[in-house]
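A.B. asks: Following this message is one structure expressed as structure tokens.
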Amino acid sequence: MENGIAGKVVVITGASSGIGEATAEMLASNGAKVVLAARRTGRLKALANRIQENGNDVAYLEMDVTVRADLVRLTSVAVEKFGKLDVMINNAGISQLYKMEELDVEGWEQMINVNLKGTLYGIAAALPIFIRQGSGHLINIISTAGISIVPTMGVYAATKNAVRTLSEALRQESLGRWRVTGISPGYVATEFVSNIKNEAIRNTIQAQADQMAIPAEAIARAVVYAIDQPDKVDVGDIVIRPTVQN
Ligand code: NDP
């Protein structure tokens, strides 16, 4: 794998808003060729147009991370359009927050499907390409919710900590063939909170986010840092919180 950012082919799930969108823009402005993925194709198209107008290479694909074949299609787009896959960023994520006694089993399944299975499908789609190439980099967006455990976030945190655990195993299994980075954001100002269906909790979390959330670019800079390292250097875990977050 080449060093630095320029020329690298980077796939980003959840690129239609928030952290994924900011990361795509920052990587593209550093010369990466980015492949954008999410369900809201209009948002992807608008972002792709902005990136292209700035003279950078971009492709996008409407897809759903809960569908394994969509991740295979996604990594194939990278290889077919740009000839390789250097970095796979598993960023798409959702949260549904309730006390567990409220049995939001549907929400549990959604989070498992998007946050955990979606990440695993991304890994499954990227690894055969990395093995063929002899190089690659997986970046998984996790959460501080898995570090400081609080009521209502149990299942969300569990899906994120499952990703933390499998990321470490995958790093150890690499034996120099690929790099693995886990990035755990705290409160970040994105659309994430607005998708929480429990109104009372959504309002509480939104109020906290309004007070302290940091911009998505703070996380994008960490992604850029991890990718930019010399190829023998694996940045393992990064935690990025607002200074005032406990
Ligand atoms: P956003 O809601 O702005 O972005 C989430 C992205 O995930 C969207 O692009 C959305 O695209 C995509 N997505 C959701 N479900 C699917 C799906 N089934 N298939 C494909 N894409 C999907 O939130 P953030 O940018 O904040 O979230 C990004 C990551 O950061 C998540 O993993 C989240 O858990 C994590 N995180 C966020 C924090 C925060 O405070 N904001 C804190 C800690 C972690 P679309 O709807 O178009 O499919």
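A.B. asks: Does segment 198-246 hold any residues that are in a loop (DSSP other than H, G, I, E, B) and either under 21 Å from Gly146 (Cβ atoms) or aliphatic (A, V, I, L, M) (or both), and which are they? Spell out the reasoning first.
C.D. replies: Residues of segment 198-246 that are in a loop (DSSP other than H, G, I, E, B), as a first pass: 198, 213, 229-236, 241-246.
Asn198, Ala213, Val233, Asp234, Val235, Gly236, Arg241, Pro242, Thr243, Val244, Gln245, Asn246 - these are the residues of segment 198-246 that are in a loop (DSSP other than H, G, I, E, B) and either under 21 Å from Gly146 (Cβ atoms) or aliphatic (A, V, I, L, M) (or both).
A.B. asks: Determine the pairs where a residue that is on the phi > 0 side of the Ramachandran plot and at pLDDT 95 or above, located within segment 8-20, has a partner that is of a type in the set (Asp, Glu) and near the ligand (Cβ under 6 Å from one of its atoms) with Cβ atoms under 9 Å apart, the partner being 6 or more residues away or on another chain.
C.D. replies: Close Cβ pairs (under 9 Å, with a partner that is of a type in the set (Asp, Glu) and near the ligand (Cβ under 6 Å from one of its atoms)) amount to Gly18/Glu191.
A.B. asks: Name the pairs whose Cβ atoms lie under 9 Å apart, with the first residue in segment 154-177 and within 17 Å of Ala92 (Cβ to Cβ), the second away from the ligand (no atom under 13 Å from the Cβ) and modelled with pLDDT under 95, and 6 or more positions between them or separate chains?
C.D. replies: Short answer, once both residue conditions are applied: none.
A.B. asks: Quick one: how many residues across segment 137-188 are under 23 Å from Ala22 (Cβ atoms) and either at pLDDT below 95 or part of a helix (DSSP H, G or I) (or both)?
C.D. replies: Adding up the residues that qualify gives 9.
A.B. asks: Additional query: Give Gly20, Gly4 a once-over and let me know the one that is within 10 Å of the ligand (Cβ to nearest atom) and closer than 20 Å to Ile227 by Cβ.
C.D. replies: Gly20
A.B. asks: Turning to a different aspect of this structure: Does segment 26-47 hold any residues that are surrounded by fewer than 20 Cβ atoms within 10 Å (Cβ to Cβ) and in a helix (DSSP H, G or I), and which are they? Please lay out each step first, then the result.
C.D. replies: So the first thing to find is which residues in segment 26-47 are surrounded by fewer than 20 Cβ atoms within 10 Å (Cβ to Cβ), and the list is 26, 29-31, 39-43, 45-46.
Correct list: Met26, Ser29, Thr41, Gly42, Arg43, Lys45, Ala46.
A.B. asks: Mind telling me which of the residues Glu25, Glu102 ends up being touching a residue at least 40 places away in the same chain (Cβ under 8 Å) and either more than 14 Å from the ligand (Cβ to nearest atom) or acidic (Asp, Glu) (or both)?
C.D. replies: Details: Glu102 fails: touching a residue at least 40 places away in the same chain (Cβ under 8 Å).
Exactly one residue qualifies, and that residue is Glu25.
A.B. asks: Then there is this: In this structure, does Arg164 turn out to be surrounded by 22 or more Cβ atoms within 10 Å (Cβ to Cβ) and either farther than 20 Å from Gly107 by Cα or among the hydroxyl-bearing types (Ser, Thr, Tyr) (or both)?
C.D. replies: Working: surrounded by 22 or more Cβ atoms within 10 Å (Cβ to Cβ): no; either farther than 20 Å from Gly107 by Cα or among the hydroxyl-bearing types (Ser, Thr, Tyr) (or both): yes.
No; evaluated as a whole, the condition is false for this residue.
The values are calculated or read from the model by the stated rules, or taken from the named source; none is laboratory data. Model, not experiment: these values are computed from the prediction. Here the Cβ is made from the backbone with ideal geometry for all residues, glycine too, and neighbour counts use every protein chain on show.
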